[in-house]
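This report refers to the structure that appears directly beneath it.
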Amino acid sequence: MAKSKFDYVRQFEIDDPCLPNCWIVIRIDGKGFHKFTEAHNYMKPNDERGLGLMSCAAQRVMNEFKEIVLAYGQSDEYSFVFHKNCQVFNRRASKIMTNVVSLFASSFTMYWPRYFNTQELQYPPAFDARVVLYPSDENLTDYLSWRQADCHINNLYNTCFWKLVQEKGLSPAQSEARLRGTLSSDKNELLFSEFNINYNNIPELYRKGSVLIRNKELNGPEKTMTSNNEDKTRYSKSEQKKALASCLVLHCDIIRKKFWEEHPYILSDK
């Protein structure tokens, strides 16, 4: 690069490297998504199109950044876990964060027609992002457990809230007042006694969110756990190389140890 007398301004740039040997998590959140979902006629309490679009954009990010070992999404947020030993962008926090969130936002917009083919974008969506470092495997798995617990809590509330509004005719304010101070057991009872709904039968996509992992376990036809926990043989040998680079989208429990025991390579040293 040619030098000039103006090169000195580079001295004002600040390096912001992430600490070594720490898991790097980039969490993105929709900015003003309550307004966005209203303007684009999202279905309540959950819109499968919107959730599918979020996971599609997340897969695009994972395909670009091979250092991501897992992503977890729910509602209008996604968390991307970079391996603790990754060296992407020399571990510069701002470079990693801005590349992830900009690619996610552009992918969300690009793939919008695939999921909302009868609904044009009224205005561009926006996402914010943050970088968080976790020094131990336990810290990382606790973080992901926290996000999945948040998914359950929010979905249980929203399911009750919108049932009261849509089927009982309550106003949003009345529905909020009805649920104020209730426990999870109260909400489960409300769904069962007033709407004949067993919360455990609601799709896991809504209750547990989406888990994206690398498809690294294909040696010949593989038995892969699908979202409904059934074993299913996938891929012929001719498709294996392509499949190895793809992602699996799961809707499963990541709080209990079983998930991590079934996928030990996620936390393994590289």
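The values are calculated or read from the model by the stated rules, or taken from the named source; none is laboratory data. Predicted model only: the values in this text are computed from it and were never measured. Heads up, the Cβs are rebuilt from the backbone with ideal geometry, glycines too, and the neighbour counts pull from every protein chain shown. Heads up: the accessible areas ignore ligands, DNA and RNA and are worked out on the full protein's heavy atoms, side chains in. Shrake-Rupley method; radii C 1.70, N 1.55, O 1.52, S 1.80 Å.
For the chain, the longest principal axis of the C-alpha atoms and the axis of helix 93-110 are separated by about 50°. Once the Cα atoms are used to define both axes, helix 184-195 deviates from the longest principal axis of the chain by about 50 degrees.
Average accessible surface for region 53-197: 49 Å² per residue, computed with a 1.4 Å probe over protein heavy atoms with every protein chain in place. Taking Cα atoms, how many degrees apart are the long axis of helix 48-64 and the longest axis of the chain, rounded to 10 and kept between 0 and 90? Its long axis makes an angle of about 10 degrees. Taking label points 7 Å from Cα along the Cα-to-Cβ direction, K257 and I153 give a separation of 2.5 nm. When the listed pairs K31/K66; K3/K31; K5/K270 are checked against a 32 Å cut-off, the alpha-carbon distance exceeds it for K3/K31; K5/K270. Across the accessible surface of the chain, with the other protein chains kept in place and a 1.4 Å probe, carbon and sulfur atoms take up 51 percent. A simple spin-label model places pseudo-atoms 7 Å from Cα toward Cβ; at A177 and N41 they are separated by 3.2 nm. For the chain, the relative contact order works out to 22 percent when only alpha carbon pairs closer than 8 Å and six or more residues apart are counted. Sparsely packed loop sites in region 1-70 (the chymotrypsin sites (Phe, Trp or Tyr not before Pro) outside DSSP H, G, I, E and B with at most 10 other Cβ atoms within 10 Å) comprise F6.
One decimal place: the segment E48-Q119 gains 24.1 nm when fully extended, by the rule 0.36 nm per residue minus the C-alpha distance.
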